[in-house]
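To keep things clear, I will list the structure first and then write my remarks on it.
The values are calculated or read from the model by the stated rules, or taken from the named source; none is laboratory data. What you see is a predicted model, and the numbers here were worked out from it, not measured in a lab. In this analysis, Cβ positions are derived from the backbone assuming ideal geometry, glycine residues included, and neighbour counts consider all displayed protein chains. These accessible areas exclude ligands, DNA and RNA; they are computed on the full protein's heavy atoms, side chains included. Shrake-Rupley method; radii C 1.70, N 1.55, O 1.52, S 1.80 Å.
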Amino acid sequence: MAKVLVVTSGKGGVGKTTSTAALGAALAHGGEKVVVIDFDVGLRNLDLVMGAERRVVFDLINVVQGDAKLNQALIRDKRMENLSLLPASQTRDKDALTEEGVARVLNELREKFDWIVCDSPAGIERGATLAMRHADVAVVVTNPEVSSVRDSDRIIGLLDSKTEKAEKGERVEKHLLLTRYDPIRAERGEMLKVDDVLEILSIPLIGIIPESEEVLRASNVGSPVTLNSPTSAPSKAYFDAVRRLKGETVEMSVPTDKKSLFGKLFGRRAA
Ligand SMILES: Nc1ncnc2c1ncn2[C@@H]1O[C@H](COP(=O)(O)OP(=O)(O)OP(=O)(O)O)[C@@H](O)[C@H]1O
Ligand SMILES: [Mg+2]
């Protein structure tokens, strides 16, 4: 059975698009057939992170409106044939995404793929609720800071009320993904600690992604970090998160890039 996974957050800029690409590629690496969908109409970032911006011809709105067939809009990844992208439109007409249209497209995708990973726009308005509407599973991306945690709390409320599953009296499976975590800064009290976040958001933790330059490096070359540097610290954390998503028990840790830590120490001493 295909699973619809929404990557959501409430607050903007916390790492949803990065995580959609990284989790999608990690799932595909494990042999699953995966499509990542950009619901961020107007901004259209996922194609950049996936390195497919020059290959976008049709998009989600074209398919929803019946101007293009799904197969015309899907972009198959050049590195992994079981990974595809359904891009967003750059038009500003967000209202073109109707609930029925999205449901129809998702149903068609369910027949072709094992995982449908939806990159949500920021906020708690229509775009975000449309992206989560048909989800079976949600990954709530949160940074270790108060405003991000508060917005995640609101999104969790919406997942429990505004989704199809919630309306049927069922539950969307919810997971917390803590991103851009810096253990040194957390220890110094400059960021919330993992336990502080878990105390406020009582949903199970699926991973801790460290703050890492590898993420920026990967996005600059148009590659999910899990493909570009699979052994880096953030990639290890994303691969572990995928194993947990699939029901495995994996011990929780905060992977670190030893090299970059040395680099930082060296850099500080030299300064
Ligand atoms: N683990 C990380 N380490 C360092 N930088 C990161 C990490 N995760 C994300 N970033 C950076 O944070 C910025 C925002 O990430 P991203 O675009 O994925 O967030 P978003 O939640 O999708 O934003 P929006 O709400 O605007 O859609 C990007 O510049 C990205 O490279
Ligand atoms: Mg985004």
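How large is the helix-only mean residue ellipticity at 222 nm for the chain, computed as the sum of -39500 (n - 2.57) over DSSP H runs with n ≥ 4, divided by its residue count, in deg cm²/dmol to the nearest 500? If you can, show how the numbers build up before the last one.
Numbers: 14 runs with 116 residues, N = 271.
Estimated from H runs of four or more residues: -11500 deg cm²/dmol.
Go through region 36-44 residue by residue and turn each phi into a ³J(HN,Hα) via Karplus (6.51, -1.76, 1.60, θ = phi - 60°); whole Hz please, and just put x for glycine and proline.
So the J values, rounded to whole Hz, are 9, 10, 8, 8, 8, 4, x, 8, 6.
Take the Cα radius of gyration of the chain and divide it by 2.2 N^0.38 Å, with N its residue count; two decimals is plenty. Walk me through the numbers before you get to the answer.
Numbers: Rg = 18.0 Å, N = 271, 2.2 N^0.38 = 18.5 Å.
The reported ratio for this selection is 0.98.
Take the Cα gyration tensor of region 15-126, multiply each eigenvalue by 5, square-root it, and list the three semi-axes largest first, rounded to whole angstrom. Mind showing how you got there, number by number?
Details: eigenvalues 80, 48, 36 Å².
Computed over region 15-126, the values are 20, 16, 13 Å.
Jot down the radius of gyration and Dmax of region 158-221, Cα atoms only, both in angstrom.
15.8, 45
Return the whole-Å distance between the Cα centroid of region 8-33 and the Cα centroid of region 163-198.
Their Cα centres are 15 Å away from one another.
Based on the Kirkwood radius over alpha-carbon pairs, what is the Stokes-Einstein translational diffusion coefficient of region 216-258 at 20 °C with 1.002 mPa s viscosity, in µm²/s? Show your work: numbers first, answer last.
Numbers: Rh = 11.0 Å.
For the chosen part, D equals 195 µm²/s.
What Kirkwood radius, in Å to one decimal, follows from the Cα pairs of region 119-271?
Working: mean 1/r = 0.0595 Å⁻¹.
Result for region 119-271, one decimal place: 16.8 Å.
How tilted is helix 99-112 with respect to the longest principal axis of the chain? Cα atoms for both, answer in degrees (0 to 90, nearest 10).
80
Quick one: compute the contact order of the chain, relative version, from alpha carbon pairs under 8 angstrom and 6+ residues apart, as a percent.
Values: 548 pairs, mean separation 63.8, N = 271.
Normalised by residue count, the contact order of the chain is 24 percent.
From Cα pairs below 8 angstrom and at least 6 apart in sequence, can you work out the relative contact order of region 155-261, rounded to a whole percent?
Once normalised by length, the contact order is 21 percent.
Which three numbers, in whole Å and largest first, are the semi-axes of the equivalent ellipsoid of region 92-194 derived from its Cα gyration tensor as √(5λ)?
In descending order, the three semi-axes are 30, 14, 14 Å.
How would you order 152-160, 45-53 from highest to lowest mean count of nearby Cβ atoms within 10 Å?
On the way: 152-160: 18.8, 45-53: 22.2.
Averaged packing, sorted descending, gives the order 45-53, 152-160.
Taking a 27 Å limit on the Cα-Cα distance, which of the listed pairs K165/K246; K112/K168; K94/K193; K33/K69 fall beyond it? Mind showing how you got there, number by number?
Working: K165/K246 20 Å; K112/K168 25 Å; K94/K193 37 Å; K33/K69 19 Å.
Too far apart for the 27 Å limit: K94/K193.
How far is helix 233-245 tilted off the main Cα axis of the chain, in degrees rounded to 10, range 0 to 90?
Around 50 degrees separate the two axes.
Send over a whole-number figure in Å² for the accessible area per residue of region 37-140, probe 1.4 Å.
That works out to 45 Å² per residue.
Using amide H atoms built in the peptide plane, which far-off residues or other-chain residues are under 5 Å from K174 H to H?
Those lying under 5 Å, H to H, from K174 are A138.
How do 132-138, 79-85, 193-199, 234-240 rank on mean C-beta neighbours within 10 Å, highest first? Display every interim value, and only then the final one.
Numbers: 132-138: 22.4, 79-85: 19.1, 193-199: 14.9, 234-240: 25.0.
Sorting 132-138, 79-85, 193-199, 234-240 by mean packing, highest first, produces 234-240, 132-138, 79-85, 193-199.
Report, to the nearest 10°, how far helix 146-159 tilts away from the longest principal axis of the Cα atoms in the chain, using its own Cα long axis and a range of 0 to 90°.
For helix 146-159, the angle is close to 30 degrees.
Return the percentage of antiparallel bridges among DSSP beta bridges fully within the chain, rounded to the nearest 5 %. Walk me through the numbers on the way to the answer.
Numbers: 2 of 30 bridges.
The antiparallel proportion sits near 5 percent.
Can you send over the carbon and sulfur percentage of the accessible area for the chain, probe radius 1.4 Å, protein chains only? All intermediate terms of the calculation are to be shown ahead of the outcome.
Values: 6330 of 13130 Å².
The computed percentage sits at 48.
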